[in-house]
There are 2 protein chains.
Amino acid sequence: MRVKIVGLHAPHAPRLRTLLGEGHEVEALAAFPPTGEIRADAVITNSLSTDEAARLHCRLLQVPGAGTEQVAMQALPGTTTVCNVHGHEVPIAEFTLHAMLEHALQLWSYPARLDAEAFAGCYAARPQHDEAQGKTVAILGFGHIGQEIARRARAFDMHVIAVTRGGRQGAAELAHEFVAVTALDAVLPRVDTLVVCCPLDDGTRGLIGARQLELLGPKALLVNVARAEVIDEQALYEALRDKRLGRAALDVWYRYPKPGQPPVAPSRWPLHELPNVRATPHISAITPGLLDRRYRFMADNLGRLQAGQPLHNVVFQSPVTRRENPDRRPA
Amino acid sequence: MRVKIVGLHAPHAPRLRTLLGEGHEVEALAAFPPTGEIRADAVITNSLSTDEAARLHCRLLQVPGAGTEQVAMQALPGTTTVCNVHGHEVPIAEFTLHAMLEHALQLWSYPARLDAEAFAGCYAARPQHDEAQGKTVAILGFGHIGQEIARRARAFDMHVIAVTRGGRQGAAELAHEFVAVTALDAVLPRVDTLVVCCPLDDGTRGLIGARQLELLGPKALLVNVARAEVIDEQALYEALRDKRLGRAALDVWYRYPKPGQPPVAPSRWPLHELPNVRATPHISAITPGLLDRRYRFMADNLGRLQAGQPLHNVVFQSPVTRRENPDRRPA
């Protein structure tokens, strides 16, 4: 089988070769060729333009992550199935809980160097930090990631509000409340932490704007582990700068470095300079455990493709393909 | 009723007065008088010397915390009952989980200021952090604090080993394994995090020495939220300095500032200067929630004393008192 792995994930080609074993050809490409047909049995990439999609001839487009918003689905030929992969929910939930505990503990309010003078200065009248227990967390997007966050937050006896597109009620052991995104503004005033972990699409772009940040208020924490654009960029900067929003842990950004292009700051606004922002370079999911889980999953999916078995995590299939392959239904 | 609140907790006298209401006299003292009788219905203190104990005439010695190792129990008159108070297990468990997540995430390995250059420099080849999931945590001392830590650690799918004095088996939902402290060395090589949360007594002083730290190893995290002296001071410093132990989150110390005395560093060894030490000034439990829970509990116990009802959290009662008050049994 011929597999192309393209872009940011190309350096992981050796890992995939090891997992697939003999008899497969794995080609690593920093980028798609600018012209001409792109032919393979499977292509692994998280980004595909309309032009690239029109030149693509493959049966499986395997996205090596969850988000597919950079893939021009509608321009794909009818013979291509798109799959994504999970496994990042564990480290992202851990990242999120760390941010919540960090916000409660405020360890930066204690001396960075606990020498004799500092100890004497802070011991008798120690600043009091806060507790996570009893706090309310709203989780915007209640898929794999949201549910893993909820499970851990509940062990801390936090009150969990799941905010979903339709507000469909779920099991009581998952969340204390399920509300529709249309009711978000009504719950925000009693929310201590808002976690953004929903897909980016036309319904969520700019969903969190100046009004929502104002409703969260000056003590609240905002965690974004989804896509930056769910939150209005300027409104976010201004709310944090003016301390109308307490703090943010931001792992996803409005601008990313691109190979061969000049460096760019992660936002047009100097978000990364604010003392109440924890800015990380999109690392919440990047663990050896994640890569291990993801590449095993993708190798398994490639094996399924070769054996003609139903693929896992199908997120898009053209009507043509669906007719030809009745087993391959969108998940 | 006459209540004396003495030492570090004296500044909280107004809070206690508010809770007790009219008809009670709450006296705040920075220290016990150097000579003469100490008379009250109840004394609130976490420290009482043999000399002070011999001069004490009160029915209730209420320790405003859990640890009673600074109270000279055996020198107390037979009419004094000693009670302690919990409520700190929640913030201490949160502090401990934060330390474990911090150790997994290693956020200090990312740029402190995520500007354009830093973003470009770290994005393509992002360092990989670790996950808490699947890690093994040994909890030395499995009382209130240990069990709250265990509950939260399990939500992260960590493997929990409860290490207790006698190794008595407990419920499977509390810990995956229960071992006696005599078997500690045998489990340490597979432990990723050791949390020390046992009382300090003759059986635990110096329990964690050079050999135990060596068995933990260069990737492990050590969290101490109990008393410093459970861990050998010099061995701890040398293991961390030489990176034979990975990292430590230390909230409790070998030396504390004392009013009217020159400042002292928290250890005879410069532990607080090591980059792999998170040194905090005994704050893991100090939250408004804790103080609220504790003073409500103590006000309730004082009310019980006045009404002649059984006291809560009795930790010591002389044989004389036990004969006179058959209801007041040690908890």
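Each reported figure results from applying straightforward, stated rules to the coordinates on display, with no laboratory input. In this text, all values refer to a predicted model and were calculated from it rather than measured experimentally. Backbone-built Cβ (ideal geometry, glycine too); neighbour counts: all protein chains shown.
Per-residue Cβ neighbour counts within 10 Å put A:164, B:79, B:50 in the sequence B:50, B:79, A:164, beginning with the fewest.
Largest mean-square fluctuation among B:170, B:217, B:121, in a Gaussian network model of chain B whose springs join Cα atoms under 10 Å apart, belongs to B:121.
Can you give the mean number of other chain Cβ atoms that lie within 10 Å of the Cβ atoms in peptide B:248-255? Neighbouring Cβ atoms belonging to other protein chains average 1 per residue here. With both residues required to sit in the protein assembly as shown, DSSP beta bridges show an antiparallel share near 5%. Counting only Cα atoms, the size of region A:1-145 along its three principal axes is 72, 32, 28 Å, in decreasing order.
For region A:163-169, putting each phi into the Karplus relation 6.51 cos²θ - 1.76 cosθ + 1.60 with θ = phi - 60° gives couplings of 10, 10, 3, x, x, 4, 5 Hz, in residue order, rounded to whole numbers and with x for Gly and Pro. Across all C-alpha atoms in the protein assembly as shown, the radius of gyration and Dmax reach 29.0, 98 Å. Of the complete DSSP H runs in chain B, those spanning 15 angstrom or more by Cα along the long axis with a mean Kyte-Doolittle score not below 0.0 are B:89-105.
In order along region A:170-183, the Karplus-derived 3J(HN,Hα) couplings, from 6.51 cos²θ - 1.76 cosθ + 1.60 at θ = phi - 60°, round to x, 5, 5, 7, 8, 8, 6, 9, 10, 10, 7, 4, 5, 9 Hz, and Gly and Pro are given as x.
Within 10 Å of the Cβ of each residue in A:289-298, the mean number of Cβ atoms contributed by other protein chains is 1. Size of region A:191-232 from its Cα atoms: along the principal axes, largest to smallest, the extents are 28, 18, 13 Å.
Exposed loop sites here mean GluC sites (Glu not before Pro) with a DSSP loop assignment and at most 10 other beta-carbon atoms within 10 Å; chain A contains its longest site-free run at A:174-331.
Each residue of region A:89-279 gets 144 Å³ once the volume of the Cα convex hull is shared out per residue. The value of relative contact order for region B:42-160, using C-alpha pairs under 8 Å at least six residues apart, is 21 percent. Taking a straight Cα-Cα cut-off under 16 Å and skipping sequence neighbours fewer than 8 places away in the same chain, the aspartates and glutamates within cross-link reach of residue A:219 are A:102, A:130, A:131, A:192, A:238, A:242. Only helical runs count toward this figure. For chain A, summing -39,500 (n - 2.57) over DSSP H runs of n ≥ 4 and dividing by all residues gives -8500 deg cm²/dmol at 222 nm.
Nearest beta carbon of chain A to the A-to-B rotation axis, with distance in whole angstrom: A:155, 2. Remark: A:258, A:4 ranked as A:258, A:4, counting other beta-carbon atoms within 10 Å and listing the fewest first. Placing a label point 7 Å from Cα along the Cα-to-Cβ axis, residue A:36 is separated from the same position in the other copies by 9.9 nm, shortest listed first. Here residue A:27 and residue B:106 are evaluated by their C-beta separation; at R0 = 41 Å the FRET efficiency comes out at 0.80.
The lysines within cross-link reach of residue B:4, meaning a Cα-to-Cα straight distance under 28 Å and a gap of 8 or more places when in the same chain, are B:258.
Positive contributions from Lys and Arg (+1) and negative ones from Asp and Glu (-1), summed over other residues with Cβ under 9 Å from the Cβ of residue B:267, come out at +1. When B:41, A:232, A:242 are sorted by how many other C-beta atoms sit within 10 angstrom of their C-beta, beginning with the fewest, the order is A:242, B:41, A:232. Computed 3J(HN,Hα) for region A:125-133, one whole-Hz value per residue from the Karplus formula 6.51 cos²θ - 1.76 cosθ + 1.60 where θ = phi - 60°, is 10, 5, x, 9, 9, 9, 10, 6, 3, glycine and proline marked x. For the pair residue A:35 and residue A:300, a Förster radius of 30 Å applied to the C-beta separation gives a FRET efficiency near 0.35, rounded to the nearest 0.05. Take the Cβ atoms of residue A:268 and residue B:258, set R0 to 35 Å, and the FRET efficiency comes out at 0.05. Distances from residue B:260 to itself in the other copies, using label points 7 Å out along the Cα-Cβ axis, amount to 7.7 nm in increasing order.
Residue B:143 label point (Cα plus 7 Å toward Cβ) to equivalent points in the other copies: 4.7 nm, shortest first.
In terms of overall dimensions, the C-alpha atoms belonging to chain B reach 70, 45, 34 Å along their principal axes, ordered largest to smallest.
Rounded to the nearest 5, the antiparallel percentage of DSSP beta bridges internal to chain A is 5%.
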